[in-house]
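Structure record follows, encoded as structure tokens.
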Amino acid sequence: MNPDNLKYHKEHAWVKVSGGKATIGITDYAQEALGDIVYIDLPEVDTTVEANHEISEIESTKATSPVISPVSGSVVEVNDELSDNPEIINEDPYEKGWIAVIEISDPAELDALMDASEYEAMLKEQM
């Protein structure tokens, strides 16, 4: 997956849209800031989530951090492989390290997300 083709949330989540569904995960920047990830609390399938609200929580050797959903909708799939191997997020945050797939309820929310260049600019401002 090319990170340039994704949309980004200010809380360091990425979104890949396909039809009416959004696959979400955390960015390479986020996984690096967290350090070694040791646990993820995955959302449950059929859970309704709201944009800008916590969808799951990640624990690392450094901190516990919420994962903020970039879009509203219903969770239709979760990456169960992360339950036993949360370090996959460190190894491959954009491919194998995806967290959940959400059936999007409000596609207009995607317009509020950043493209890759806007996200990079935001990161530079924060440093």
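A compact table of results
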read-out: Identity of the residue in segment 59-77, of a type outside the set (S, T, N, Q) and within 15 Å of W14 (Cα to Cα), that ends up surrounded by the fewest Cβ atoms within 10 Å (Cβ to Cβ); value: P66
read-out: Lone unmet requirement of (1) modelled with pLDDT under 95; (2) among the charged types (D, E, K, R); (3) in contact with a strand residue (DSSP E or B) (Cβ under 7 Å, 6 or more places away or on another chain) for E125; value: (3)
read-out: Matching option when the condition is within 14 Å of the chain's Cα centre (by Cα) and charged (D, E, K, R), among E81, E87, E95; value: E95
read-out: Any pair with Cβ under 8 angstrom, 6 or more apart, that starts in segment 115-127 at a residue that is closer than 14 Å to N5 by Cβ and ends at one that is among the polar types (S, T, N, Q) and in a helix (DSSP H, G or I); value: A116/N5
read-out: Single condition I88 does not satisfy, out of (1) surrounded by fewer than 15 Cβ atoms within 10 Å (Cβ to Cβ); (2) at pLDDT 95 or above; (3) at negative phi; value: (1)
read-out: Residues satisfying the stated conditions in segment 1-34, i.e. out of contact with any helix residue (DSSP H, G or I) (no Cβ under 8 Å at 6 or more places or on another chain), hydrophobic (A, V, I, L, M, F, W, C) and assigned to a loop (DSSP other than H, G, I, E, B); value: M1
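The values are calculated or read from the model by the stated rules, or taken from the named source; none is laboratory data. The structure displayed is predicted, hence computed values, not measured ones. Here Cβ is always computed from backbone atoms with ideal geometry, including for glycine, and neighbour counts include all displayed protein chains.
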